[in-house]
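Down below is the structure, laid out as structure tokens.
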Amino acid sequence: MEAEKPTTTVCTVVAIDHTSLYYTVCSFCERTLSETNTTCNHCTRNPSALPQSASGSKRLFRVLMSIATETKVFVVVLFDRAARVLFGSSAQDFIDFAKHHPFSANRLGMYFVLVAETASKILEGEMLRVTLSKPKNGNAQHQRVVSVVPLKSGFRPVMDTLREVYGVRAGC
Ligand SMILES: [Zn+2]
């Protein structure tokens, strides 16, 4: 079966699934790891055998975003490269920020939800030009965003706004 050509469209962000913004992969082969799994099933590396300074896993963005075009509302998925355009940081930097922002200290376990909710609200209503590709894998539910361009002049990535909202100067 021939893959359909990617399509480009202008859309508005309706919402982001802030409960699931990233996933964890093996640092060596970049295949998915579960949060609790310290051994990669895909390659022979065992991250837990590394010295503590080295990390055997890393976080990448995988963001489900509901968008509205002129004709319909539907959910698309942004993987790391596209999501970085909107967030203005790596997934790991975003998670570290969420963990360390000043309001999170006494809300055990809630830090991430709060910051992720704020991130979602920041992006709601943004106009984007997105290029979408149909999933090659028949099991994948959502069209994938292969490239994204914010249309608002002076668009600021999520991390810029978060730093301002939470009173953290850039570079901290
Ligand atoms: Zn691996």
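Read-outs throughout are calculated quantities, based only on the coordinates presented, and are distinct from any laboratory measurement. Just so it is clear, the model here is predicted, and its values are computed rather than measured. Cβ sites come from the backbone with ideal geometry, for glycine too, and all protein chains shown count toward neighbours.
Which lysines have a Cα lying under 17 Å from the Cα of Lys152, excluding residues fewer than 8 positions away in the same chain?
Those lysines meeting the cut-off are Lys121.
Using modelled amide H (1.01 Å from N, peptide plane; none on Pro or chain starts), what sits under 5 Å from the amide H of Arg62, excluding residues fewer than 5 places away?
Amide H to amide H, under 5 Å and 5 or more residues apart or across chains, Arg62 pairs with Tyr22, Tyr23.
List the lysines whose alpha-carbon lies under 26 Å from that of Lys136, not counting same-chain residues fewer than 8 positions away?
Straight-distance partners of Lys136: Lys5, Lys58, Lys72.
Take Phe155, Phe112, Phe87 and order them by how many other Cβ atoms sit within 10 Å, fewest up front. Mind showing how you got there, number by number?
Details: Phe155 15, Phe112 18, Phe87 24.
Neighbour counts put them in this order, fewest first: Phe155, Phe112, Phe87.
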